[in-house]
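The values are calculated or read from the model by the stated rules, or taken from the named source; none is laboratory data. Given the structure is predicted, the values throughout are model-derived calculations rather than measurements. Counting neighbours? That spans all protein chains shown, and the Cβs are built from the backbone with ideal geometry, glycine included.
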Amino acid sequence: MNIKLPNNFSRVKGFMDPMEGECLYRTALIASENAPIVEIGSYCGKSTIYLGMACKENNSIVFAIDHHTGSEENQVGWEYHDSELFDDETGRINSFPSFRRNIRDANLEASVIPIVSSSALVSKFWTIDLSMVFIDGGHSMEAAKADLDNWSDKVIHGGFLAIHDVFPNPDDGGRPPYEIYKLAITSKKFKEVESVKSLKILQRVS
Ligand code: MG
């Protein structure tokens with residue numbers, strides 16, 4: 001598949017591999033015909049652009065949820081800290097200005113609705129059925145498990161649950177995304193339909 005990525009794309013910061021991005025796009029293209037999509041963990045909008053481009057083709061929407069203050073590993077002194085995103089006022093990173101610029105430059109403002117909040121808080125008030133949920137938020141067990149528990153039941157039958165950073169081998173990366181992937185499979189509510197690098201695509205079957 002040849003995706004025509006926006007001109008600004010090479011400047012968009014993020015951790016989404018191009019093959020994983022293409023898989024997200026393909027899945028979102030099928031999903032978004034039926035209902036909106038939720039992304040948990042947008043950072044600077046790289047994966048949001050793949051999802052948003054698919055939604056745009058179907059006149060659908062991706063709700064992009066992120067508190068935009070970064071995960072632990074994005075803060076000062078950690079491996080994935082980016083000083084360009086540092087906010088003097090809060091002492092944490094702030095990825096929202098960069099996110100907005102990237103979505104605007106990609107012409108996706110009518111296909112992406114940013115929600116600047118914690119995913120746990122948003123989930124308490126969420127009533128819209130979803131065709132796809134992409135979990136790419138906090139990597140602590142607490143955060144990852146909460147995202148699975150709070151959001152997986154909002155996926156419609158036949159819809160998709162995508163999980164990023166799933167590393168079966170602990171040497172390759174942290175375990176919580178892998179643990180919630182296993183929980184989703186053992187729940188029998190989801191079956192795996194595709195796997196590209198650290199991205200798993202599950203489909204709701206019951
Ligand atoms: Mg990720």
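Structure values in brief
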read-out: Those residues of the stretch 177-197 which are within 16 Å of the ligand (Cβ to nearest atom) and surrounded by fewer than 21 Cβ atoms within 10 Å (Cβ to Cβ), in sequence order; value: E179, S195, V196, K197
read-out: Any hit, the stretch 80-89, residues being within 16 Å of the ligand (Cβ to nearest atom) and out of contact with any strand residue (DSSP E or B) (no Cβ under 8 Å at 6 or more places or on another chain); value: yes
read-out: Long-range neighbours under 9 Å by Cβ, at least six apart or interchain, first residue part of a loop (DSSP other than H, G, I, E, B) within the stretch 150-173, second modelled with pLDDT under 95 and aliphatic (A, V, I, L, M); value: H164/M16
read-out: Helices (runs of 4 or more DSSP H) contained in the stretch 1-106 and holding at least 1 residues more than 25 Å from G173 (Cβ to Cβ) and under 12 Å from the mean Cα position of the chain (by Cα); value: 46-57
read-out: Yes/no for G70 being buried (at least 21 other Cβ atoms within 10 Å of the Cβ) and either on the phi > 0 side of the Ramachandran plot or modelled with pLDDT of 95 or more (or both); value: yes
read-out: Answer residue from the stretch 97-139, given it is within 25 Å of V166 (Cα to Cα) and out of contact with any helix residue (DSSP H, G or I) (no Cβ under 8 Å at 6 or more places or on another chain) and is farthest from the ligand (Cβ to nearest atom) among those; value: L121
